[in-house]
Amino acid sequence: MSKSILITGCSTGIGYVCAHALKQRGYQVIASCRKAEDVERLKAEGLTCLHLDLTDSDSISLAVQQALHITGGRLDALFNNGAYGQPGALEDLPTQALREQFETNFFGWHQLVTEVLPVMRAQGHGRIIQNSSVLGFAAMKYRGAYNASKFAIEGWTDTIRLELLDSNIHISLLEPGPIETQFRANAKAAFLKWIAIDTSVHQHAYQQQLRRLDKESSGNAFVLPAESCIAPVIDALESTHPKIRYRITTPTIMFAVLKRILPTRLLDKILMRAA
């Protein structure tokens, strides 16, 4: 019997390539997307795909019920991947902007895990993968809302890992760095929604940020394609002893080391240049 997995955020990027790769590997993949048109597009590509809006509690519960109906009541794995980045200096972001960031990037993930854990406990096994970021442990300016949500996911995941030690349910974190996806386009839309550029003391920096977000490609020398996340996801799903953290891209590995060995003020200078 093929293993089943529910994946969020499959319209593009990491979720999209992993859904297709795992289907080709023989998994029973239940992909999910927020937009109806993306659900239909993925269905046309041969994937089983559900509507799932991480900001809507009822949508999450319905998607879990539908997934369990498809799989016959079991779920071998969950890949929490759907997220977006809210750019902007923290002093310019209204509280509602952070609430929306956390609804998608944190609270929706929490609900999904709490709804699938009883199923995994009953069947005696399960794998959970949380797609974090280098910004889940290394903060960069103008990314504070996203930083906060990913730092929260890291702490949340470390805690529940301890609470699952007496089970056969394993939880792992992916920590990608620069990955070539449509992340910038979504970030720009969130930026324009909440930031009053012309009245901000960060106006000049924001103009630079907008130019960066407008580019079709990141231009980062260390950027990797979304496909670079497939192998770590497979290892997290299939290894007898899956890693707690899978660090992807050179910057993620480098900053993980630098954070351990450098004084904070020196690391701050490096992070300012990296931003």
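Only the coordinates and a few stated rules stand behind these numbers; no lab work does. Remember, predicted model here, so these are calculated numbers, not experimental data. Backbone-built Cβ (ideal geometry, glycine too); neighbour counts: all protein chains shown.
Going through V119, V113, V39, V64 one at a time, which residue ends up being within 30 Å of G144 (Cβ to Cβ), assigned to a helix (DSSP H, G or I), of a type outside the set (K, R) and touching a strand residue (DSSP E or B) at 6+ places or on another chain (Cβ under 8 Å)?
Just one listed residue meets the conditions, V113.
So in the stretch 5-36, with the set limited to residues that are surrounded by fewer than 20 Cβ atoms within 10 Å (Cβ to Cβ), of a type in the set (G, A, S) and within 15 Å of V233 (Cα to Cα), which one is farthest from the chain's Cα centre (by Cα)?
G26
Taking only pairs six or more apart or across chains, which ones have beta-carbon atoms under 6 Å, a first residue in the stretch 163-176 that is free of Cβ contacts under 8 Å to residues at least 60 places away in the same chain, and a second residue that is of a type in the set (G, A, S) and crowded, with 17+ Cβ neighbours inside 10 Å?
I169/G126
What pairs come out if I take residues in the stretch 139-159 that are without any contact (Cβ under 8 Å) to a residue 12 or more places away in the chain and pair them with residues that are in a helix (DSSP H, G or I) and crowded, with 17+ Cβ neighbours inside 10 Å whose C-beta lies under 9 Å away, six or more apart or interchain?
none
Which of the following residues is exposed (fewer than 15 other Cβ atoms within 10 Å of the Cβ), under 28 Å from L22 (Cα atoms) and not β-branched (V, I, T): P178, P225, P232?
P225
Look through the stretch 67-100, keep the residues that are of a type in the set (S, T, N, Q) and over 12 Å from the mean Cα position of the chain (by Cα), and return whichever of them is surrounded by the most Cβ atoms within 10 Å (Cβ to Cβ).
So, considering only residues that are of a type in the set (S, T, N, Q) and over 12 Å from the mean Cα position of the chain (by Cα), the one surrounded by the most Cβ atoms within 10 Å (Cβ to Cβ) is Q86.
Which of the residues belonging to the stretch 44-61 are in a helix (DSSP H, G or I) and either touching a strand residue (DSSP E or B) at 6+ places or on another chain (Cβ under 8 Å) or of a type in the set (F, W, Y) (or both)?
S59
Name the one entry in I128, I169, I160 that is under 16 Å from the mean Cα position of the chain (by Cα), of a type in the set (A, V, I, L, M, F, W, C), under 24 Å from Q65 (Cα atoms) and buried (at least 16 other Cβ atoms within 10 Å of the Cβ).
I128
Return the total of residues in the stretch 193-202 being among the hydrophobic types (A, V, I, L, M, F, W, C) and surrounded by fewer than 13 Cβ atoms within 10 Å (Cβ to Cβ).
2
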